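What follows is a short report on a single structure.
The values are calculated or read from the model by the stated rules, or taken from the named source; none is laboratory data. Just so we're clear, the structure is a prediction, and the values are computed from it rather than from any experiment. For neighbour counting, all protein chains shown are included, and Cβ atoms are generated from backbone atoms with ideal geometry for every residue, glycine included.
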Amino acid sequence: MMDEQLRTLEDKIGKVPKIFENLKDLDPELYKGVMGLDQWIWSEGALSKQTKKIIAVCIAAALRDRHAVRAQMAGAPNLGISMEEMDEALRVTFLLAGMPAYVYGKTAAEEFYKQ
């Protein structure tokens, strides 16, 4: 069962990897560290949460990590990021990381923005 910290994380970033559901019991210190880092990284600062989310999606796409792209993309619409903003960012990813990165990101965007 997902605890409150994980639900909050899922609200912020989208899908939380299954491993995190068990991490609190398997390695409490690692869980505590990951959650603290999460709070710090995703908090408002010089960059908005929306900008950070776009960066996260594009990095995951550039790494061609299908799971991470989908997990990060799941939270984008909830933050008010438009398909147009995501598409523009993915074009930058294409310029720097190539067509496969663009396809990974664009495929996930089309899936989540149809909902």
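Quick look at the values:
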read-out	value
Single match in 27, 38 (criterion: of a type outside the set (Gly, Ala, Ser) and farther than 18 Å from residue 79 by Cβ)	27
Pairs with Cβ under 7 Å, 6+ apart, first in the range 82-100 and without any contact (Cβ under 8 Å) to a residue 24 or more places away in the chain, second surrounded by 12 or more Cβ atoms within 10 Å (Cβ to Cβ) and not basic (Lys, Arg)	87/109; 94/101; 94/102
Lone unmet requirement of (1) within 25 Å of residue 6 (Cα to Cα); (2) among the basic types (Lys, Arg); (3) buried (at least 17 other Cβ atoms within 10 Å of the Cβ) for residue 106	(1)
Residue 16 being among the β-branched types (Val, Ile, Thr) and touching a residue at least 40 places away in the same chain (Cβ under 8 Å)	yes
Hits in the range 33-48 - residues which are surrounded by 10 or more Cβ atoms within 10 Å (Cβ to Cβ) and either of a type in the set (Gly, Ala, Ser) or under 15 Å from residue 19 (Cβ atoms) (or both)	33, 34, 35, 36, 38, 43, 45, 48
Matching helices (runs of 4 or more DSSP H) fully within the range 1-92 where at least 3 residues are under 20 Å from residue 112 (Cβ atoms) and in the same structural domain as residue 103 (by TED's automatic domain parsing)	49-62, 66-73
Which numbered condition residue 55 fails, given (1) closer than 22 Å to residue 110 by Cβ; (2) over 14 Å from the mean Cα position of the chain (by Cα)	(2)
Selected residue (criterion: nearest to residue 60 (Cα to Cα)) from residues of the range 1-40 that are at pLDDT 85 or above and of a type in the set (Phe, Trp, Tyr)	40
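Rundown of residues vs (1) surrounded by 17 or more Cβ atoms within 10 Å (Cβ to Cβ); (2) closer than 18 Å to residue 16 by Cα, yes/no style:
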| residue | (1), (2) |
| --- | --- |
| 71 | yes, yes |
| 75 | yes, yes |
| 78 | no, yes |
| 85 | no, no |
| 101 | yes, no |
